[in-house]
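Structure record follows, encoded as structure tokens.
The values are calculated or read from the model by the stated rules, or taken from the named source; none is laboratory data. Because the structure is a prediction, the values reported are computed rather than measured. In this analysis, Cβ positions are derived from the backbone assuming ideal geometry, glycine residues included, and neighbour counts consider all displayed protein chains. Note: accessible area is taken over every heavy atom of the protein model, side chains too, but ligands, DNA and RNA are not part of it. Shrake-Rupley method; radii C 1.70, N 1.55, O 1.52, S 1.80 Å.
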Amino acid sequence: SQTIHQWPATLVQPVGSPLSLECTVEGTSNPNLYWYRQAAGRGLQLLFYSVGIGQISSEVPQNLSASRPQDRQFILSSKKLLLSDSGFYLCAWSPLGANVLTFGAGSRLTVL
Amino acid sequence: DQQVKQNSPSLSVQEGRISILNCDYTNSMFDYFLWYKKYPAEGPTFLISISSIKDKNEDGRFTVFLNKSAKHLSLHIVPSQPGDSAVYFCAASALGSSNTGKLIFGQGTTLQVKP
């Protein structure tokens, strides 16, 4: 069966510091991968998605970037965090051609 | 521009009664709709979905209704149980996006089921 791992679960970072959130999927190959963010009082906003290694699509202009160095690894990064980057970040995957996403447990980021 | 809207931030229902969660969308290209359930500090879990070629899909206590002319869908939970207390997200995807699986989510509705 497929599983998705996301870490760290909780992160407190000062403004201006770098960020790296990692996500890996097991039990499948060539998945579509996604990063979503849930800001306080808001829905889930799609940040990035990837349909293959090195293929990243950005949905909204922002202070963050994503990379997919391996088939089942998706990384969310920032060089300098802003206060507005605080939120709950969720990694998700779906099989190619499917619309049902499976989410990881999420990473709570607090920027102080 | 909020393409998927859940206008009720919260809903409180007595155990055993029906819970009705509503969702409206604006993009007529959406052809697949999903409901996700989310507990605090956890990722959302898939609950039920419906294709635009149908107007109803049922799975146990959960039924989703789609009214394409009104661009409206709803999730019915009958009977409601305290364990159903969670945030419910409506999501939609558009024609041609099945290869990417991009979902557009609503803001969520917090359901509280009282014993």
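General remarks:
- Checked against the criterion of being among the polar types (S, T, N, Q) and crowded, with 21+ Cβ neighbours inside 10 Å, the candidates B:Ser80, B:Ser74 yield just one match: B:Ser80.
- Any chance A:Thr28 is farther than 17 Å from B:Ser93 by Cα, assigned to a strand (DSSP E or B), of a type outside the set (Asp, Glu) and away from every other protein chain (no Cβ under 12 Å): no
- Segment A:78-112: number of residues that are away from chain B (no Cβ under 14 Å) and either closer than 30 Å to B:Ile50 by Cβ or in contact with a strand residue (DSSP E or B) (Cβ under 7 Å, 6 or more places away or on another chain) (or both): 8
- Answer residue from segment B:1-19, given it is buried (at least 18 other Cβ atoms within 10 Å of the Cβ) and farther than 14 Å from B:Gly83 by Cα and is farthest from the chain's Cα centre (by Cα) among those: B:Val4
- Looking at segment A:50-112, the strands (runs of 3 or more DSSP E) lying wholly inside it that each contain 3 or more residues that are more than 13 Å from B:Lys102 (Cα to Cα) sit at A:65-70, A:73-78, A:87-94, A:107-111.
- Leading residue by the ranking (modelled with the highest pLDDT) among those in segment B:20-43 that are aliphatic (A, V, I, L, M) and open to solvent by 50 Å² or more (accessible area, probe 1.4 Å): B:Ile20
- Residues located in segment A:39-77, provided they are of a type in the set (S, T, N, Q) and within 14 Å of another protein chain (Cβ to nearest Cβ): A:Gln45, A:Ser50, A:Gln55, A:Ser57, A:Ser58
- For A:Ser94, the requirement of being out of contact with any Phe, Trp or Tyr (no Cβ under 6 Å at 6 or more places or on another chain), open to solvent by less than 10 Å² (accessible area, probe 1.4 Å) and polar (S, T, N, Q) is met.
- The residues in segment A:4-25 that are outside any strand (DSSP E or B) and more than 12 Å from chain B (Cβ to nearest Cβ) can be counted, and the count is 6.
- Hits in segment A:16-58 - residues which are open to solvent by 20 Å² or more (accessible area, probe 1.4 Å) and under 21 Å from A:Arg108 (Cβ atoms): A:Gly16, A:Pro18, A:Ser20, A:Glu22, A:Thr24, A:Arg37, A:Gln38, A:Ala39, A:Ala40, A:Gly41, A:Arg42, A:Gln45
- Identity of the residue in segment B:44-62, facing chain A (nearest Cβ under 9 Å) and open to solvent by 10 Å² or more (accessible area, probe 1.4 Å), that ends up nearest to B:Ala94 (Cα to Cα): B:Ser49
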